[in-house]
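Presented below is the structure to which this report refers.
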Amino acid sequence: MTSAAAADRPAPSSAPLTAVVTGASSGIGRATAARLVADGWRVLAIARREERLAALAEETGCEVLAVDVTSDDSVADLTARVEELFGGSLNAVVHVAGGALGVEPAAEADLDKWQGMYETNVLGAVRVTRALLPAVRRSGRGDLLFLTSVAGHEAYPGGSGYNAAKAGEHMLAAALRLELNGEPIRVIEIAPGMVRTEEFSLVRLGDQGKADAVYDGVENPLTAEDCADVLSYALNAPHHVNLDLVTVRPLAQAAAHRVARHQGL
């Protein structure tokens, strides 16, 4: 490396790495925020539900802020808080906020549900990225991590709305990776399959019995902590190592629509 090139690189810092984690009030977002704190990161965990964020802060010591990623004003408050906490320099934005609504076939699509999924999974991720990218650039060691889903890569009956939303988020990540090529910013996509959390299927289906049936006969679906392990590895890997796309499923699941049940898996 030439001396000029070396001079262009930020000086090594012993300060903790910093991250914003969206969707941190439950499930994978909550587990990821807790894991990164345990890894030594300074974390600003955001979500809409203040009482759950308060419990997370008490448990882990992370910073928290109530943010609605579908609101420009709310995300502006997030930008100001990042400036206040981290001096406007941020190492990672971890996009977990999102979710699925309904399982109607496309011919019976509930467009309000489709719009809700697009607003959170796609436009929310764009809005937060646009707001925080300048801070990520300032860090000299940046990451944009998108938690998508196998649903963004594999269609299945009853999944068209969620398929479309997560495919949109997948393409956002892919385009950003091209647009930011040459900058010290990794764009990472983690696409989980079947994950059992306390809310995902319940919110999607609106009924606890139907939510439980999703996992019937699968002894070991992924957990939020399993996914947090993968996200932690991706973010803590040497910064020249970029995990463009990682698909992670439980052993029982071969595809979004093919699951071995009652096989002890």
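Need a quick list: helices (runs of 4 or more DSSP H) entirely within segment 1-113 having at least 2 residues that are modelled with pLDDT of 95 or more, closer than 30 Å to residue 161 by Cβ and in contact with a strand residue (DSSP E or B) (Cβ under 8 Å, 6 or more places away or on another chain).
Correct list: 27-38, 50-60, 72-86.
Does segment 161-196 hold any residues that are open to solvent by 30 Å² or more (accessible area, probe 1.4 Å) and either modelled with pLDDT under 95 or of a type in the set (D, E, K, R) (or both), and which are they?
If the condition is that a residue be open to solvent by 30 Å² or more (accessible area, probe 1.4 Å) and either modelled with pLDDT under 95 or of a type in the set (D, E, K, R) (or both), then 177, 179, 183, 196 are the ones that fit.
The values are calculated or read from the model by the stated rules, or taken from the named source; none is laboratory data. A quick note: this is a predicted structure, and the numbers were derived from the prediction, not measured. Here Cβ is always computed from backbone atoms with ideal geometry, including for glycine, and neighbour counts include all displayed protein chains. Quick note on the areas: whole protein, heavy atoms, side chains included, nothing else; ligands and nucleic acids left out. Shrake-Rupley method; radii C 1.70, N 1.55, O 1.52, S 1.80 Å.
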